[in-house]
1. Among the residues of region B:102-112, are any over 30 Å from A:M370 (Cβ atoms) and at the interface with chain A (Cβ under 10 Å from one of its Cβ atoms)?
2. Is at least one residue of region A:80-98 in contact with a helix residue (DSSP H, G or I) (Cβ under 7 Å, 6 or more places away or on another chain) and not in a loop (DSSP other than H, G, I, E, B)?
3. Among the residues of region B:228-247, is there at least one that is of a type in the set (F, W, Y) and touching a strand residue (DSSP E or B) at 6+ places or on another chain (Cβ under 8 Å)?
4. Exactly one of these conditions fails for B:Y177: (1) over 11 Å from the mean Cα position of the chain (by Cα); (2) without any contact (Cβ under 8 Å) to a residue 60 or more places away in the chain. Give me its number.
5. Scan region A:169-189 for residues that are crowded, with 22+ Cβ neighbours inside 10 Å and either within 16 Å of the ligand (Cβ to nearest atom) or not in a helix (DSSP H, G or I) (or both) and report the count.
6. For the structure I just gave you, tell me whether B:R199 is part of a helix (DSSP H, G or I) and more than 8 Å from chain A (Cβ to nearest Cβ).
7. Taking the conditions exactly as written (among the aromatic types (F, W, Y) and within 30 Å of A:S415 (Cα to Cα)), does A:Y258 satisfy them or not?
8. Do you know which of the residues in region A:106-148 that are in contact (Cβ under 8 Å) with a residue 40 or more places away in the chain, assigned to a loop (DSSP other than H, G, I, E, B) and within 12 Å of another protein chain (Cβ to nearest Cβ) is farthest from the ligand (Cβ to nearest atom)?
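The values are calculated or read from the model by the stated rules, or taken from the named source; none is laboratory data. Just so it is clear, the structure is predicted and the values come from calculations on it, not from any experiment. Cβ coordinates were reconstructed from backbone atoms using ideal geometry, including for glycine residues, and neighbour counts include every protein chain displayed.
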Amino acid sequence: MQIENEIIKSVSVNQEMSIKEKLGILSDAAKYDVACTSSGVDRKGNGTDMGNTVAGGICHSFAADGRCISLLKILFTNECIYDCKYCLNRCSNDVPRASFTPDEVCELTMEFYRRNYIEGLFLSSGIIQSPTYTMEQIYEAILKLRKVYHFMGYIHVKAIPGADPMLIQRVGMLADRMSVNLELPTAEGLKSLAPNKHRKNILAPMRQIQNGITESRHDLVLYRNAPKFVPAGQSTQMIIGATPESDYQIMAVAENLYRKFDLKRVFYSAFVHVNEDKALPALPGGPPLLREHRLYQADWLLRFYGFQADELLSEEKPNFNILLDPKCDWALRHLEFFPMEINRIDYQMMLRIPGIGVKSAQKIVKARRMAKLDFTDLKRIGVVLKRALYFITCNGRMMYPTKIEEDYITRNLLSVKERLPFDVGTVTYKQLSLFDDVNIPSQSSVMERVLTH
Amino acid sequence: MEKRVLICEDSLEGIFSAIYDAYAEKCVHDFTRIQTRESENLELFTSYEHMVSCNEKAVKVIRMILNQFGEETYLYFCRALATEDAEKANAVYHVLQKGISEQNRRIMEKFSEECVNKVFELSRYTNNEIMHLRGFLRFQELENGVLFARIGPRNNILTFLAPHFADRLPGENFIIYDDTRGICVIHPVGREWFLMDDRDMNESALEHFSEKELEYRELFTFFCEKIGIEERRNPGLQRQMCALHFQKYMSEFTGNVPPIYDKSKQIKTN
Ligand code: SF4
């Protein structure tokens, strides 16, 4: 690898790099960004130009890490004047550097899209010269892609904190989604690992984009053909496990981002140790995948199940249960609500029953209008009875006589193996200790002050 | 009472005209089945009848479904009937029959009925494959600039895929070839797409790729390699998200040219 890097570097000095070499360096450098989706906006084709978008997003392939490949995810350049401790591209690292030209970005996008390799482009960048200069480069590439190459597919662009707001506004008229990375859950975390970045500068463009989206929606009501600003909404991401925040703090931040900044998605990225730096945790067990997984489950509960962060966690219980998913965990701590009668309970409450997801709940609500449901019906509908049976009655009866008692149900639920997206055998115990490493008791003073104003 | 089994052709036309006949012949629905294939074991006290497809009858049934149950229900039926499931025709027949007898426009929401669940599940199975192939399908540029994709779907979904790509690539001549069924969709620039049997395909043209084709295939394979995070390596998850029967047709997995058009290998399903 070292030799390979050396060769690539010397090549870059002596002659023009090939497009393959650039693609290698600039996708490698972009891979830690987790925003992979192409969702949020339905746009039919216009009958002439190439491209449309589909609200649900489309996955085009899957990488060896099991993550979806939807967009051509690249950096415009991996040159950077900043020195974020967790980042491979930081200026103090000696790595091969490359930059695309706007035409190269356009051609790759068009040719990949035609072959149905991708759903569109994700363009981010290291900081060259200044945030404004960098944003200008990105703007030029996107402008060309839309106006010269007439690309109508999905475009996700990173807003660079600190760039001229006018530029962000202009990029927003061309992109489907924009995101500003929060980087780390709290301002303290940011200060310790990203000395050139400031929480204030990150939240400012986030607010600007939010306002732009609201205004644009308003304009659309008045004039149907008003140009759309960031129609697929904005997202952000934070690195998990590089700094000592608790799950509770992280969820509270996420909740605020959804509520106060109208974010479409918050992504959580298990910290990957790429730089030797004493400010970074060692993480001998690898990236904290289980923790990341629990955060996504909880995030899902916030967005689609009507939960609030402080129902799931608290100052006294600041971290998720490693062995149980957050919904089961909540149910076990609230046995006073159970059992619930399937033929009567309202939709919102039904969503809180372990073993019943959004899809089954919707089906139940429809089906019970036409007939009283029993356990066979629930099974047909797709309810996971092995989990749900402790929490429900059908026509007043439970499936089996069972104790409604925390210990008893916990033991039984644990015997139903949870399907995790990675190998648990070895991970669980490692993860277990990781949770301990990372979670210094939370202080409310650290809680997001900036976000709660 | 004697049971009746109506055996019909495996096509929308065949199945919908058999449903028409079941009504025309005043079959007792609880004792009648509609199948697209012969039964493996013949049952006693059962009559087996081979039905003739009739476009006119089918159109009448389709019109009735659209009028009485709406487009969404009709699409549920079409997607369910696009599967290879042996019970599909019978399930659609009985959902329809229940909907008619109960005068229930929302019969597809009555999940306490076994047949409703069956149609729902089959429809979802087809839909999942459509969703997957919208992403996993790979076009290759032929020498003459035509984009050619080869897929091996489990369900008969070409007509569901075609509108998506026609909307997305209006300026491209493209062909999507269903390897399992020997049929393809052809989209000529500026015109409506249409279905075609593979008998009329010009095979030799499909063997020559454009100059750039190999280069882009290589670039994308390289990109897929680079974008994965080594520390998160998880081939199990990768396979779960993108099943091997899809990977077989995707150049970033096969590493080179996906197997090209080969008539001898195709399996006719009916
Ligand atoms: S700004 Fe920080 S995170 Fe972004 S490329 Fe530069 S060093 Fe990396």
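1. Taking every residue of region B:102-112 in turn, none turns out to be over 30 Å from A:M370 (Cβ atoms) and at the interface with chain A (Cβ under 10 Å from one of its Cβ atoms).
2. no
3. So far as region B:228-247 goes, no, none of its residues is of a type in the set (F, W, Y) and touching a strand residue (DSSP E or B) at 6+ places or on another chain (Cβ under 8 Å).
4. (2) is the only condition that B:Y177 fails.
5. Selection size over region A:169-189: 12.
6. When the stated conditions are applied, B:R199 passes them.
7. Spelling it out, it is not the case that A:Y258 is among the aromatic types (F, W, Y) and within 30 Å of A:S415 (Cα to Cα).
8. Top of the filtered list is A:N116.
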